[in-house]
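Quick note: the coordinates plus some simple rules give every number you see, no bench work behind them. Every value quoted in this text rests on a predicted model; they were computed, and no experiment measured them. Because the Cβ atoms are built from the backbone with ideal geometry, glycine has one as well, and the counts that use them run over all protein chains shown.
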Amino acid sequence: MQFRLLGFDVRLDITFLFIGILFYGLFTTLGLVLFLVVSGLTVLMHELGHAIVARRVGGEVLSVNLQGFGGFTAWLPNDGVSVMQRFWVAAAGPLYQLALGAALYAAVLAGVLGEPWTELVGNPLDWRALQLADLNGNWGIFIVLALAILSVVWAIFNLIPIFGLDGYTMVRQLAFRLTPENGDAIARVIGLVVSVGLITFFVLRGAIFGALWVGYIAFSNYPSARKQAARDVLAGELQAPAAGEQAPAPDYDSGFEPPSLFDPPESSD
């Protein structure tokens, strides 16, 4: 499925529905359907944050994509896009979501959704509040709570500096800013250390699914991170290309990128 939104080509792949597998059994059938819709809106807003800032700094946004268990935004920086501008493009998605989540959280605490939910579960952003709203058929409350919870969780998760997430891209650009010659190597070491640390943490706590999830995301994207580094050198990321030289390679800012997503995307229609 493909459509235009805010001047961007948005592509929704059927594999995005796989996210429902993770939450099957937690909600009623209607609750799960609404949760999938809210999940799609959350990821879409995240990716639009990347796309809007990429366009603002002069980049060409090729596509906004929702697929698998997340999404990605492919964009082509022009010669004038600086390392720090790339940093802010990567940061835009999670920062936008944090702002949205904070606003919704404030509304919940202010009693917009009613006091009973705070009294029943204590923390209005607890999953139990979401399940209570589902069981009682309070769909307005369910949608707002789901949007708040997913916005905060998705943003924080994406700020972790492991391969394939926005946090890694942000660390990578900062490393380039500090030491252009060794920036990519430093970023990869940080990504590897954080990935191994998180996997160890989850294993020690008995959270095997969390360990497998982080391991899959991080290590399936590690070879692609090396390809990105090689492509950046050829494209002249560390030094702006002169007129007539090769243009920069596409950048990918996302919540989760399977290895194939680092391959050059198709041209936008």
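The calculated FRET efficiency for N136 paired with L192, based on their beta-carbon distance and R0 = 35 Å, is about 0.15. Residues W88, W139, arranged from fewest to most other Cβ atoms within 10 angstrom of their Cβ, appear as W139, W88.
Remark on segment 12-75: Rg and Dmax equal 13.8, 45 Å (Cα only).
A simple spin-label model places pseudo-atoms 7 Å from Cα toward Cβ; at R56 and E181 they are separated by 3.5 nm. For the listed peptides 105-111, 196-202, 58-64, a ranking on the average number of other beta carbons within 10 Å per residue, highest first, reads 58-64, 196-202, 105-111.
Counted residue by residue at 0.36 nm each, then reduced by the alpha carbon distance between them, the extension gain from L212 to L30 reaches 62.6 nm. Charges were assigned to the Cβ only: +1 to each Lys and Arg, -1 to each Asp and Glu. The resulting dipole of segment 125-211 about its Cα centre is roughly 140 debye. Measuring r between the beta carbons of R128 and M1 and using R0 = 35 Å, the FRET efficiency lands at 0.55.
Taking other C-beta atoms within 10 angstrom as a stand-in for reagent exposure, M1, M45, M170 fall in the order M1, M45, M170, fewest first.
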